[in-house]
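As structure tokens, the structure follows; a few thoughts come after it.
The values are calculated or read from the model by the stated rules, or taken from the named source; none is laboratory data. Nothing here was measured: the structure is a model prediction, and the numbers come from that model. No Cβ is skipped: glycine too gets one built from the backbone with ideal geometry, and neighbour counts run over all protein chains shown. With ligands, DNA and RNA removed, areas are computed over all heavy atoms of the protein, side chains included. Shrake-Rupley method; radii C 1.70, N 1.55, O 1.52, S 1.80 Å.
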Amino acid sequence: EATELNLVAGADAPAAVETVPPVNVPAGALAIQTDGDALTFDKADLEAEAGAQVTVVFQNTSTINQHNWVLVQNGTKDAVATDGTAAGPGAAWIPQGDDRVLAKSGLLDPGATEEIKFTVPAAGTYQFVCTFPGHNFTMFGEFVATS
């Protein structure tokens, strides 16, 4: 079982929410969310056609934790997360200007939702991950770009 490391405390900590409202997902968009307060996503795999414009609707359904969604080159999720920790909270725990990062959300407070729009990279397998410190060990999955 994962243990959460919350690096934000005091007045700067995000407010907890009691319930997370449902989100309307536009037709054709990919939807992914956190698995409540567990340190996992609700899906382990996403798929889209290479070269297509896609919208990923990411909802943080946690009532207490901040999360992000970061699409990275295959095999780089842990290194990107480590570099994100060094980048700090001001960078949403994501290394800035990093070629391994292909698409990303901001750092979402509990209950928040964001639409991430991007062009699907070349056919192949990529990874998505939450780079909040310590979350990358259980919050990740595969993104397959089909041809």
Determine the share of the chain's accessible area contributed by carbon and sulfur atoms, expressed in whole percent, with a 1.4 angstrom probe.
50 percent
Between the Cα axis of helix 77-87 and the main Cα principal axis of the chain, the angle (0 to 90°, nearest 10) is 50 degrees
FRET efficiency for residue 123 and residue 27 from the Cβ-Cβ distance with R0 = 30 Å, rounded to 0.05, comes out at 0.80
If contacts are Cα pairs under 8 angstrom and at least 6 residues apart, what is the relative contact order of the chain in percent?
31 percent
Only Lys, Arg (+1) and Asp, Glu (-1) charged, at Cβ; the chain dipole about Cα centre in debye:
300 debye
Straight-distance crosslink candidates among aspartates and glutamates, where the alpha carbon sits under 19 Å from residue 117 and sequence neighbours closer than 8 are dropped:
45, 47, 49, 98, 99, 142
Nitroxide proxy distance, nm - points 7 Å out along Cα→Cβ at residue 37 and residue 55:
3.2 nm
